[in-house]
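Heads up: the structure comes next, in structure tokens.
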Amino acid sequence: MFGWEFPPHNSGGLGVACFGLTKALSQKNINITFVLPKKLKNIEKSFLRIVDPGCVYDDSYIFNSPLSPYLTQNRYESELFYLPEVYGDSLFSEVMRYASFGAEVAKKEKFDVIHAHDWLSFGAGIKAKIVSGKPLVAHVHATEYDRGGGNGINSLVYKLEKEGMEFADKVIAVSNFTKNIIVEHYGIPAEKIEVVHNGIDFSYEISVEENVHKLKEAGKKLVLFVGRLTLQKGPDYFLRAAKKVCDFCDDVCFVVSGSGDMQEWLIEEVARMGLSDRIFFTGFLRGKELRSVYRDADLFVMPSVSEPFGITPLESLINGTPVLISHQSGVSEVIRHALKVDFWDTDEMANKVLATLHYDPLFSCLSKHGKDEVRGVTWEKAAEKCVKIYNQLS
């Protein structure tokens, strides 16, 4: 299995998905060799074997890529310009180096199926298939059409995505929403694509009550956004809806958890709106801190412009906090006990925020039934579907 990141060193949902799926697969007696482009410390690997640059067989392939799968192209180009000795000539030469690494690993390892996650890993999957002749599964967690948010796509990324899916024996999409994009924009036959929804790890649920945030103690209602601060995730729409709510009532505060290329603009926008005392930025949170924020919140909002799946609403629900999600998301296919809205309709978003916060029966219904429902959205079910796909191919 080829992936670009793995917790606790993840920059977004891709690493979370790789962790949850591999852990569930291991419980079904699937032996996994997970190949990373960099050597990482403190990884929980009791249920899989990690291959990284510290395990490389040929010194010519030793490299230690610090690239994140979620940087914007401008940031890639900036960092590559200043650190060419670390990154290589470009982002794409770095991806090609990883692909060569994948070929070397495939020559040495014994395996039945190759499973590659997203475009950064597709090249490695293709090389491994060429070397070994084993079947390839291309797992699509996001496409360039999602990341571009309708403002144009990177043609080279698109090409790598398309090549990976064309070369694969099976394509896994994280939602029907994503499957439709793959069929329409990449020309991949629908019968080649299997939908495997993401899940939630129930160890994520906290068992003891954590300290309540000071805002909570002051009697404020808390509305939470968790995600990368980038165009695809819709944080600007979150701010617009927040402004409408703040204009209407003064007992609600908004918490933005995450980091990304829009962070500076968002902070400046909050200042321009005069809401620095109502909208708070926490930076990127993980682990206990993130669970505490979920538990403190009265409502979680995911206003994504184009969300292939979206694990964060599941994380919120398992902690008992109701969710408001965009129709433009894969997770909306598996969660019924949630409020839903078009990402661009900030009036309706604000209305539903106010209704949830100030109408106790609605809050209680969404919280209780949402938490019950999410218990059926598991990585075990995702793993069962993947095992079925593997068996078809091997």
ask   = When you go through 153, 114, 126 one by one, which is the residue that is out of contact with any Gly (no Cβ under 9 Å at 6 or more places or on another chain) and not hydroxyl-bearing (Ser, Thr, Tyr)?
value = 153
request  = Could you tell me whether residue 115 is in contact (Cβ under 8 Å) with a residue 12 or more places away in the chain and in contact with an Asp or Glu (Cβ under 7 Å, 6 or more places away or on another chain)?
outcome  = no
task = With respect to residue 114, determine if the residue is of a type outside the set (Lys, Arg) and at pLDDT below 90.
result = no
task = Considering only residues that are touching a residue at least 60 places away in the same chain (Cβ under 8 Å), among the aliphatic types (A, V, I, L, M) and touching a Lys or Arg at 6+ places or on another chain (Cβ under 9 Å), look in the range 318-350 and name the one that is farthest from residue 379 (Cα to Cα).
result = 350
task = Could you tell me whether the range 324-342 includes any residue that is surrounded by fewer than 14 Cβ atoms within 10 Å (Cβ to Cβ) and under 17 Å from residue 198 (Cβ atoms)?
result = yes
Among the residues listed as 360, 347, the single one being at negative phi, of a type in the set (Asp, Glu) and in contact with a helix residue (DSSP H, G or I) (Cβ under 9 Å, 6 or more places away or on another chain) = 347
Restricting the range 298-322 to residues that are within 17 Å of the chain's Cα centre (by Cα) and either part of a strand (DSSP E or B) or among the charged types (D, E, K, R) (or both), the residue that is surrounded by the most Cβ atoms within 10 Å (Cβ to Cβ) = 307
key: Pick from the range 23-47, criterion of a type in the set (D, E, K, R) and touching a residue at least 40 places away in the same chain (Cβ under 8 Å), ranking: farthest from residue 390 (Cα to Cα)   = 23
key: Output for the range 363-394, where each listed residue is in contact (Cβ under 8 Å) with a residue 12 or more places away in the chain and either of a type in the set (Gly, Ala, Ser) or at positive phi (or both)   = 367, 370, 382, 383, 394
message = Being in a helix (DSSP H, G or I) and surrounded by 19 or more Cβ atoms within 10 Å (Cβ to Cβ) is the filter here; which residues of the range 355-392 pass it?
response = 356, 357, 366, 367, 370, 374, 379, 382, 383, 386, 389
query = Residue check: is residue 166 in a helix (DSSP H, G or I), surrounded by 22 or more Cβ atoms within 10 Å (Cβ to Cβ), acidic (Asp, Glu) and outside the structural domain of residue 261 (by TED's automatic domain parsing)?
reply = no
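The values are calculated or read from the model by the stated rules, or taken from the named source; none is laboratory data. Just so it is clear, the structure is predicted and the values come from calculations on it, not from any experiment. Please note: Cβ atoms are built from the backbone with ideal geometry, for glycine as well, and neighbour counts cover all protein chains shown.
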